[in-house]
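J.: My questions will all concern the structure given below.
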Amino acid sequence: MNAIILSGFLGAGKTSLLLQLAAYLTATTPGDKEVKVAVIENEIGSVSVDGTTLKGQGVEVREIMSGCVCCSLAGELATSIRVMQWQFDPDWLVVEATGLAYPEKAADSVREGAVRLGTCTVVVLIDAERFLQLERISPLIAGQPKHADIILLNKVDLVDDEQRNAVRQRLEKINPTATIIEISASQPLAVEVFEEMTHHA
Ligand SMILES: Nc1nc2c(ncn2[C@@H]2O[C@H](COP(=O)(O)OP(=O)(O)O)[C@@H](O)[C@H]2O)c(=O)[nH]1
Ligand SMILES: [Mg+2]
């Protein structure tokens, strides 16, 4: 099983991205084998993963809503993953963390809970419109992109070139090694975005 952790502040676009990512993953069929995708949702947001969309695609969804999986519920996340692997045996696990999660801690819980874990990729979504303000009021928010393998600079449709470049430069400073991709998660994304997320070692 490979894992992808989606992190980033509330409203950054995690669920919007997750819905497209799950559709991409279930549609890929290496060989003739069906690809099984599981989602663990740790946040109630404006865009819901409930009902029709994911479950209709055969995606197994679990919700852990009574706290944050990176800290108070780290053990619950680990247990939930183990049970999911026992019952459903997914090829891919996608975890949407709360907006206040430390992505590196969520990744630790995934590594602790999963058996036979292949890649575990940390993807951090950044709201291009709000990040420069938000990071000033919260060291947690400023620190989220620091631990990303991939940074998705989202909502670029809402900012001008100057602001987009300013946020990008700031992110490059916070995390010089991450791959930074500019996106608008409310629109259909280019397949390369998903290839980057799934081929990241
Ligand atoms: N304009 C614009 N809105 C977006 C984009 N991505 C997400 N949104 C909107 O931002 C809000 C929060 O998105 P959501 O995916 O729920 O963020 P989450 O809280 O990180 O899961 C929703 O109303 C989305 O429709 C984007 O690229 N452009
Ligand atoms: Mg969400």
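J.: Just wondering, is there one or more residues in segment 150-170 that are modelled with pLDDT of 95 or more, buried (at least 20 other Cβ atoms within 10 Å of the Cβ), of a type outside the set (Ser, Thr, Tyr) and more than 16 Å from ligand 1 (Cβ to nearest atom)?
T.: Within segment 150-170, not a single residue is modelled with pLDDT of 95 or more, buried (at least 20 other Cβ atoms within 10 Å of the Cβ), of a type outside the set (Ser, Thr, Tyr) and more than 16 Å from ligand 1 (Cβ to nearest atom).
J.: Taking the conditions exactly as written (modelled with pLDDT of 95 or more and either acidic (Asp, Glu) or in contact with a helix residue (DSSP H, G or I) (Cβ under 9 Å, 6 or more places away or on another chain) (or both)), does Thr79 satisfy them or not?
T.: No: the conditions fail for Thr79.
J.: Next question. Is it the case that Leu140 is more than 15 Å from the chain's Cα centre (by Cα), among the hydrophobic types (A, V, I, L, M, F, W, C), surrounded by fewer than 17 Cβ atoms within 10 Å (Cβ to Cβ) and under 22 Å from Phe194 (Cβ atoms)? Talk me through it step by step, then tell me what you get.
T.: Numbers: more than 15 Å from the chain's Cα centre (by Cα): yes; among the hydrophobic types (A, V, I, L, M, F, W, C): yes; surrounded by fewer than 17 Cβ atoms within 10 Å (Cβ to Cβ): yes; under 22 Å from Phe194 (Cβ atoms): no.
No: the conditions fail for Leu140.
J.: I would also like to ask the following. Within segment 109-118, does at least one residue satisfy the condition of being under 15 Å from the mean Cα position of the chain (by Cα) and within 16 Å of ligand 2 (Cβ to nearest atom)?
T.: no
J.: To continue, here is another question. Among all residue pairs at least 6 apart or on different chains, which show Cβ distances below 7 Å where the first residue, located in segment 53-74, is under 14 Å from Leu18 (Cβ atoms) and the second is modelled with pLDDT of 80 or more and assigned to a loop (DSSP other than H, G, I, E, B)?
T.: Glu60/Phe88; Glu60/Pro90
J.: Inside segment 1-45, can you point out the residues that are at pLDDT 90 or above, small (Gly, Ala, Ser) and within 7 Å of ligand 1 (Cβ to nearest atom)?
T.: Scanning segment 1-45 gives Gly8, Gly11, Ala12, Gly13, Ser16.
The values are calculated or read from the model by the stated rules, or taken from the named source; none is laboratory data. As the structure is a prediction and not an experimental result, all values here were calculated from the model. Don't worry about glycine lacking a Cβ; one is built from the backbone with ideal geometry, like all the others, and counts go over all protein chains shown.
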